[in-house]
1. Every residue in the stretch 1-25 that is of a type in the set (A, V, I, L, M, F, W, C) and in a strand (DSSP E or B), please.
2. For the stretch 10-36, name all the residues that are surrounded by 15 or more Cβ atoms within 10 Å (Cβ to Cβ) and touching a helix residue (DSSP H, G or I) at 6+ places or on another chain (Cβ under 9 Å).
3. Of the conditions (1) surrounded by fewer than 16 Cβ atoms within 10 Å (Cβ to Cβ); (2) touching a strand residue (DSSP E or B) at 6+ places or on another chain (Cβ under 8 Å), residue 6 fails just one. Which one is it?
4. Among 36, 28, which is the only one that is within 12 Å of the chain's Cα centre (by Cα) and in a helix (DSSP H, G or I)?
5. If you scan the stretch 15-51, which residues turn out to be among the charged types (D, E, K, R) and under 20 Å from residue 61 (Cα atoms)?
Amino acid sequence: LAEIKAQTLIVWGRNDRFVPMDAGLRLLSGIAGSELHIFRDCGHWAQWEHADAFNQLVLNFLARP
């Protein structure tokens, strides 16, 4: 993970039963400068469960210089 130098957006569903939150926190601590966004009332599929908010989050992230 330490080799990743790109700006990284990590997206997690707070109620994900497939991959525990600890995995997201490990990504956050292992990728310098990464950003973690946690969707409340969301399972494993944030891109479907919160599609509009997810899409806007990604668009905003990609629009950064």
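1. 9, 10, 11, 12 - these are the residues of the stretch 1-25 that are of a type in the set (A, V, I, L, M, F, W, C) and in a strand (DSSP E or B).
2. First pass over the stretch 10-36, keeping only residues surrounded by 15 or more Cβ atoms within 10 Å (Cβ to Cβ): 10-13, 16, 24, 27-28, 31, 34, 36.
Within the stretch 10-36, 10, 11, 12, 13, 16, 34, 36 qualify.
3. The single condition residue 6 does not satisfy is (2).
4. None of the other options fit; the residue is 28.
5. Result: 35, 40, 49.
Readers should treat all values here as calculations from the given coordinates under stated rules, not as data from a laboratory. Because the structure is a prediction, the values reported are computed rather than measured. No Cβ is skipped: glycine too gets one built from the backbone with ideal geometry, and neighbour counts run over all protein chains shown.
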